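> Below is one structure. I have some questions about it.
The values are calculated or read from the model by the stated rules, or taken from the named source; none is laboratory data. Keep in mind it's a predicted model, so treat the numbers as computed, not measured. Counting neighbours? That spans all protein chains shown, and the Cβs are built from the backbone with ideal geometry, glycine included. Heads up: the accessible areas ignore ligands, DNA and RNA and are worked out on the full protein's heavy atoms, side chains in. Shrake-Rupley method; radii C 1.70, N 1.55, O 1.52, S 1.80 Å.
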Amino acid sequence: MARPIPLRKRLLVRLLITSVLIAICSVAATAWLAVETTTRAIQEEQGQVLTEDMDILRQLSGYAATHRDWSGVGKTVRALSDRTGRRIALTAPDRTPIADSETRNTALPPRAAAAVDPLHTDTFTEPGAQRTGIDPRAVGPFRLPSAERERVRLLAEKRRACFSINGVQTRITQMPSGRSVLTDEEGTVDGGQVPTPCADGVLNTPTATEEKALAELNTYAGDCLKHVGGKFPSLFAATVDFTDRSMLTRYVGGKAETGIDTTRDQDKKAQECVDRARRQQLEPYVAPAAELFLGRGDSAVPHFDMSAANKAKVTGVAGLVLALTVAVTVLVATRLVRPLRALTHAAQQPPEQHVRVPVTTQDETGILAVAFNDLADRRERMEAQRKAMVADIAHELRTPLTNIRGWLEVTRDGVVDPDPELLASLHDEAVVLQRVIDDLQDLAAADAGTLRLHREPVRADELLEQVVAAHRVAAEAAGVRLHTAVAASKGADGAHGLHGSDGSDGTPWLDADPVRMRQALGNLVSNAIRHTPADGTITLSSRRHDDEVVFEVADTGSGIAPEDLPSVFERFWRAEKSRSRRTGGSGLGLSIVRQLVTAHGGTVTVTSELGSGSVFTLRLPDAR
């Protein structure tokens, strides 16, 4: 009875555990990849949304900086909404609607995304507003009329040409107010260091419109500057962002004054006075402050969020994957284990039953089942051969022993006198018994691999002559002629020569045990003598073929039937079952021949035709 397999070592359990681990790792890896991908997508989306928000705020702040009210902003709001896919709404600070891209009357987000005020703008929304907080596009009274724009542009062209002559490359840039300025590759106004021939001061001189606006700005800032302290002139003003930067320049009578003695703190307070005055001056020219609300559009894809519902979905999918994995594993493992269990059950049955298993698949398990059935077939044949061999051995030993016992008993009882003829008969029976025992001993040694060979160089012709000499008397008694023929190596003319055992050059040699080889060839000759009628011929020949020495024992006997040829080398086999051991042999001679030749690394084959004789061929390695 086979010992039960522990649960942890069962194939089904191990396959199930392996598949579950693989499924868990797959789910974990997939979840991690999904989280990483989603997180990256959300981050990219957030960055994109932030960029869109800044662009929307910039566009609306620019509209407010260039318009006195919001009356025409609806078209701009809808265009921005169509481009970004976002809902854009503008309201007054008290939530009074100004413009909304949403056609339906839906509620606004709880909080505003930003405040749109060109006089107090986000310092990162529009370049140039970093210091004052005023949108540089809000120019108000500093906007130049077309005539002044053209005049300033011509002055800029003249100065750019002068810069070019002096090796300074610049380009003309038009500011929001319409004033043209020169900038270099780094964006520096007037190319940084102005060449002396070009420093005429004409380009940077305020126009009439700018002078009027500066005078108005001076009026707004005058009261504030009186309380700053320091040596500020009575006429004080600041230029308006000629260069997209806030630079404070003091003018007295329209000309820049130098040598003003002020402290850093006074400069800061003066700048605050000017910024306050500019906002006061620009307020009538810009739209009032508004609240900006941003949301998702009607066709926008909702954001991914790990809500309870999403977590439940992820958990459900993971559980479903695990359940399917377990189900498929159980199904596959069951189909895999079923034939293995059948094989185990068949192997545990008593050997004499020779149980086979059904072959139901063409995979590795099916191949294993076929191999198991083949093994059972071979075991059954071997068992039958073993029983037949035991019966044959008992039969072969019983007859001579019975004869010896019978003659000894009658001699003991005085029925027969122990004369020389009786002793000779008993001796013959003992010789038969000894021959059977010797043959069985040789076969046992060959099967066990303990058959000893004493190898030495052997001439083929001498080996044949020795075999013929040993069997010449038996052959003459049976009226059979024995011949030998040895084929030498190819001579100089390329022809083979046949000769007797004269030892001429070219005779085949082999490395073999001469006693065992005489025994093998002698068995073949004895078998041929028994099956060759009187006046028949037995020919022993040898030749070299490639790297082999070939021996042939050919007779003109009765031959062997084609259906019996595969069995001639089996133990205790006889072509004629009725033949006695005295005339038909023990049935072990040819089996011994095959074992001896195999021990020498050779092969033995037979060809035969009924009524024409048989040819036994031995092929052995050449010694040269």
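> Any idea which of L235, L225, L182, L214 is at pLDDT 80 or above, within 18 Å of A277 (Cα to Cα) and in contact with a Phe, Trp or Tyr (Cβ under 9 Å, 6 or more places away or on another chain)?
Values: L235 fails: at pLDDT 80 or above; L225 fails: at pLDDT 80 or above; L182 fails: within 18 Å of A277 (Cα to Cα).
Matching residue, one of L235, L225, L182, L214: L214.
> Now for a separate question. Kindly indicate whether S580 is out of contact with any Phe, Trp or Tyr (no Cβ under 6 Å at 6 or more places or on another chain), farther than 30 Å from R455 by Cβ and modelled with pLDDT under 80. Working first, answer last.
Details: out of contact with any Phe, Trp or Tyr (no Cβ under 6 Å at 6 or more places or on another chain): yes; farther than 30 Å from R455 by Cβ: yes; modelled with pLDDT under 80: yes.
Yes; evaluated as a whole, the condition is true for this residue.
> Which is within 30 Å of V116 (Cα to Cα), open to solvent by 30 Å² or more (accessible area, probe 1.4 Å) and touching a Pro at 6+ places or on another chain (Cβ under 6 Å), of R137, R143?
R137
> Moving on to the next point. Just to be sure I understand, how many residues within segment 89-103 are of a type outside the set (V, I, T), in a strand (DSSP E or B) and under 12 Å from A115 (Cα atoms)? Before you say what the answer is, go through the steps one by one.
Pass one, segment 89-103, residues of a type outside the set (V, I, T): 89-90, 92-95, 97, 99-102.
Going one step further and asking which of them are in a strand (DSSP E or B), we end up with 89-90, 97, 99-100.
Those still in the list that are under 12 Å from A115 (Cα atoms) too: 89-90.
Qualifying residue count, segment 89-103: 2.
> Hey, among the residues in segment 453-484 that are of a type outside the set (S, T, N, Q) and assigned to a strand (DSSP E or B), which one's most open to solvent (accessible area, probe 1.4 Å)? Outline the logic, then answer.
Initially, segment 453-484 is screened for residues of a type outside the set (S, T, N, Q), giving 453-465, 467-483.
Filter once more, keeping what is assigned to a strand (DSSP E or B): 456-459, 481-483.
On the way: E456: 89, P457: 93, V458: 15, R459: 34, R481: 115, L482: 34, H483: 87 Å².
The selected residue is R481.
> Follow-up. With the checklist (1) over 30 Å from L618 (Cα atoms); (2) exposed (fewer than 14 other Cβ atoms within 10 Å of the Cβ); (3) not aromatic (F, W, Y) in hand, flag the one item T450 doesn't pass.
T450 satisfies every listed condition except (1).
> Continuing with this model, one more query. Residue check, R160 against (1) under 29 Å from D135 (Cβ atoms); (2) loosely packed, with under 13 Cβ neighbours inside 10 Å; (3) modelled with pLDDT of 85 or more, all met but one. Which one?
Exception for R160: condition (2).
> Here's another thing I want to ask about it. For residues in segment 3-35 being at pLDDT below 70 and out of contact with any Lys or Arg (no Cβ under 9 Å at 6 or more places or on another chain), which is surrounded by the most Cβ atoms within 10 Å (Cβ to Cβ)?
L12
> With the checklist (1) without any contact (Cβ under 8 Å) to a residue 24 or more places away in the chain; (2) touching a Phe, Trp or Tyr at 6+ places or on another chain (Cβ under 8 Å); (3) in a helix (DSSP H, G or I) in hand, flag the one item Q169 doesn't pass.
Condition (3) is where Q169 drops out.
> Still on this structure: Residue by residue through segment 588-616, note down the ones that are open to solvent by 20 Å² or more (accessible area, probe 1.4 Å), part of a strand (DSSP E or B) and out of contact with any Pro (no Cβ under 9 Å at 6 or more places or on another chain).
Result: T603, V604, T605, V606, T607, V615.
> If you don't mind, another one. Scan segment 61-96 residue by residue and report those that are of a type in the set (S, T, N, Q) and open to solvent by 60 Å² or more (accessible area, probe 1.4 Å). Spell out the reasoning first.
In the first step, residues of segment 61-96 are kept if they are of a type in the set (S, T, N, Q); the result is 61, 66, 71, 76, 81, 84, 91, 96.
Matches in segment 61-96: T66, S71, T96.
> Now for a separate question. Taking segment 97-106 as the search range and keeping residues that are open to solvent by 60 Å² or more (accessible area, probe 1.4 Å) and either modelled with pLDDT under 85 or under 54 Å from the mean Cα position of the chain (by Cα) (or both), which one is nearest to D82 (Cα to Cα)?
Step by step, filter segment 97-106, then rank; the result is T103.
> Is it the case, given these coordinates, that P118 is part of a loop (DSSP other than H, G, I, E, B), within 30 Å of L294 (Cα to Cα) and out of contact with any Ser or Thr (no Cβ under 8 Å at 6 or more places or on another chain)?
no
> Which residue pairs have Cβ atoms under 7 Å apart, sit 6 or more places apart or on different chains, and have a first residue in segment 538-565 that is within 17 Å of M517 (Cα to Cα) and in contact (Cβ under 8 Å) with a residue 24 or more places away in the chain and a second that is acidic (D, E) and surrounded by fewer than 19 Cβ atoms within 10 Å (Cβ to Cβ)?
Within 7 Å, the pairs are S541/E552; R544/D622; E548/D622; V549/D622.
> Starting from segment 69-95, keep only residues that are more than 23 Å from E283 (Cα to Cα), then list their pairs with residues that are open to solvent by 40 Å² or more (accessible area, probe 1.4 Å) and among the hydroxyl-bearing types (S, T, Y) whose Cβ atoms are within a distance under 9 Å, requiring at least 6 positions of separation or different chains.
G85/S299; R87/T106
> May I pose another question? Among the residues of segment 535-555, write down those that are open to solvent by 70 Å² or more (accessible area, probe 1.4 Å) and part of a loop (DSSP other than H, G, I, E, B). It would help to see each step written out before you state the result.
First, pick out the residues of segment 535-555 that are open to solvent by 70 Å² or more (accessible area, probe 1.4 Å): 535, 543, 545-547.
Selection gives D535, D546, D547.
> Could you tell me which of the residues P206, P176 is at pLDDT 85 or above and either open to solvent by less than 50 Å² (accessible area, probe 1.4 Å) or outside any loop (DSSP other than H, G, I, E, B) (or both)? Even if it seems obvious, please write down each step before you answer.
On the way: P176 fails: either open to solvent by less than 50 Å² (accessible area, probe 1.4 Å) or outside any loop (DSSP other than H, G, I, E, B) (or both).
Only one candidate qualifies: P206.
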